Amino acid sequence: MTESFDHVIVGGGMTADAAAKAIHETTPDASVLIVSADVDAPYTRPALSKKLWTDPEYTEADNDLGTVSDSGAELRLRTLVESIDREARTVTTSDGDVIGYGALLLATGGSPTALDLPDDERVVYFRTAEDYRRLRSLSGSGRHVVVVGGSYIGTELAAALVQNDTRVTLVFPDDVLGGSVFPPSIASTFEKAFEEARVELARGRRVEGGTADDAGVHLRLDDGSTLDADAVVVGLGISVDDHLAADSGLATDDGIVVDEHLRTSDPNVFAAGDVASYPDAILGRRRVEHVDNAKSQGPVVGRNMTGADEVYDHTPYYYSKVFDISYEAVGTLDASLETVVDEKGGDRAVAYYLGDGGTVEGVLLWNVEEARDAAREIIAAGAVPRDELAGRI
């Protein structure tokens, strides 16, 4: 062992930032090391597909979270942790350093889902601030960018690009944009917003492969058609990075399994953020990849690493903003479930997603603000008569 820290955090995202700051607030003299594969210090991830494209006064400097200055942590970028020795309580990095820890936090997140596309700088798997900068350099000036993926990240990127002098084609498998998530009436409204913004919609299609040459990137779709573009950005979600935990013998199941204190099967090792499979107080065990979860789990896990015994009992929400549409959601949004849509007027609506026995499994707040707690209460209440849902929010 070459060195040792009271707390070692693996991963350099928003969870790591929040945990490091909580550790510093609780035990100011404790030593903290953050090991991150990223090239940038922790930043606000949602802005990469939202505010950095739509607010000209908001810059990457504004997006920096100030982790080192606010937490006193040591930050090592461009560095991977390759293994954990839980008996010795050490981690070994890609630089060959063996680092001891008192408590270890795994906040490793995930890696973007890849396609059979060439390894070319004009193909961007969108995840990091570096990816944002590259996409910026490939867009604008009327260039053609194909966005692959019609869910959360893909739709945000398509909206961001088309508002920044870029011709956009959006490839997605649904017959209607958002059709696998939203009730039909809301999906229709969602799709119309993209049509009005002149995003070209390649409905019901998937990318099977592609090539690249001096003229651009050429995609092959599953219906036999092709698309030629100046660049391609892929937003198909992530594959969870739980292999480090699995290799060290920790329990994993679509993520690193933790208890209500965000502690793994090893009492000295914790996990939080995108990678953590945790027991939600309302919804049951799940893994959540959105910012509210990262920002909420980070402080709890940080304090627990210093000896607290807090229960993580927050049920997170997620949100998106495209054009003049803002929506928030709690729970499961799956259009294959029975849905009840409560139209509020003025392009506002609340949609309830019903599971077995009429239990509310998810709530969509469409242009409706300050209603997340009410949505949580309805989900926690269990079965609600269908005809009593309208007006509950």
Note to self: Probe radius 1.4 Å, ligands and nucleic acids ignored: give me the carbon and sulfur share of the accessible area of the stretch 84-230 as a rounded percent.
What the structure shows: 41 percent
Next item on the list: In Å³ and rounded to a whole number, note down the convex hull volume per residue for the Cα atoms of the stretch 31-125.
Entry: 143 Å³
Item checked: Protein accessible area in the stretch 354-393, 1.4 Å probe - carbon and sulfur % -> 41 percent
Next item on the list: Quick one: among PRO118, PRO183, PRO173, which has the greatest mean-square fluctuation in a GNM of the chain with alpha-carbon springs under 10 angstrom?
Entry: PRO118
Check: Measuring with a 1.4 Å probe in the full set of protein chains, what accessible area per residue, in whole Å², belongs to the stretch 230-314?
Finding: 36 Å²
Notebook entry, point to check: In a GNM of the chain with a 10 Å cut-off on Cα contacts, which of ARG78, ARG205, ARG287 has the highest mean-square fluctuation?
Noted result: ARG78
Item checked: Rel. contact order, % - alpha carbon contacts under 8 angstrom, at least six apart, the stretch 263-315 -> 34 percent
Item checked: Over the stretch 212-363 - Rg/Rh using Cα atoms and the Kirkwood inverse-distance radius -> 1.08
Checklist line | Sequence ranges 233-241, 329-337, 54-62, ranked by mean other-Cβ count within 10 angstrom, highest first | finding: 233-241, 329-337, 54-62
Notebook entry, point to check: Of ALA272, GLY302, SER248, which is farthest along the charge dipole of the stretch 236-393 in the positive direction, counting Lys and Arg as +1 and Asp and Glu as -1 at C-beta?
Noted result: GLY302
Notebook entry, point to check: For the chain, what is the mean residue ellipticity at 222 nm derived from helices alone (per DSSP H run of n ≥ 4: -39500 (n - 2.57); sum divided by total residues; nearest 500 deg cm²/dmol)?
Noted result: -6500 deg cm²/dmol
Check: Given springs between every Cα pair under 10 Å in a Gaussian network model of the chain, which of GLY357, GLY13, GLY307 has the largest fluctuation?
Finding: GLY357
Margin query: With just the Cα atoms defining each centre, how far is the stretch 40-79 from the stretch 318-393? Give it in Å.
Written below: 32 Å
Note to self: Let's see if you can work this out: charge +1 on each Lys and Arg Cβ, -1 on each Asp and Glu Cβ, no other charges. What is the dipole magnitude of the stretch 226-356 about its Cα centre, in debye to the nearest 20?
What the structure shows: 340 debye
Check: Hey, got the dipole for the stretch 131-213? About the Cα centre, +1 on K and R Cβ, -1 on D and E Cβ, debye to the nearest 20?
Finding: 240 debye
Check: How much area per residue is accessible in the stretch 61-191 when the probe is 1.4 Å and only protein heavy atoms are counted (Å²)?
Finding: 41 Å²
Check: What residue among SER4, TRP53, THR27 has its Cα farthest toward the positive end of the dipole of the stretch 1-53, where the charges are +1 on Lys, Arg and -1 on Asp, Glu, each on the Cβ?
Finding: TRP53
Item checked: Local net charge near LYS50, Cβ-Cβ under 12 Å (Lys/Arg +1, Asp/Glu -1) -> +1
Notebook entry, point to check: Could you sort GLU361, GLU196 by accessible area so the largest value comes first, with the probe set to 1.4 Å?
Noted result: GLU196, GLU361
Notebook entry, point to check: So how strong a dipole does the stretch 47-113 carry about its Cα centre when Lys and Arg Cβ are +1 and Asp and Glu Cβ are -1, to the nearest 20 debye?
Noted result: 240 debye
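The values are calculated or read from the model by the stated rules, or taken from the named source; none is laboratory data. Keep in mind that what you see is a predicted model, and the values were worked out from it rather than measured. A quick note on method: Cβ atoms are made from the backbone with ideal geometry, for glycine too, and the neighbour counts reach across all protein chains shown. Areas reflect the complete protein model, heavy atoms only, side chains present, ligands, DNA and RNA absent. Shrake-Rupley method; radii C 1.70, N 1.55, O 1.52, S 1.80 Å.
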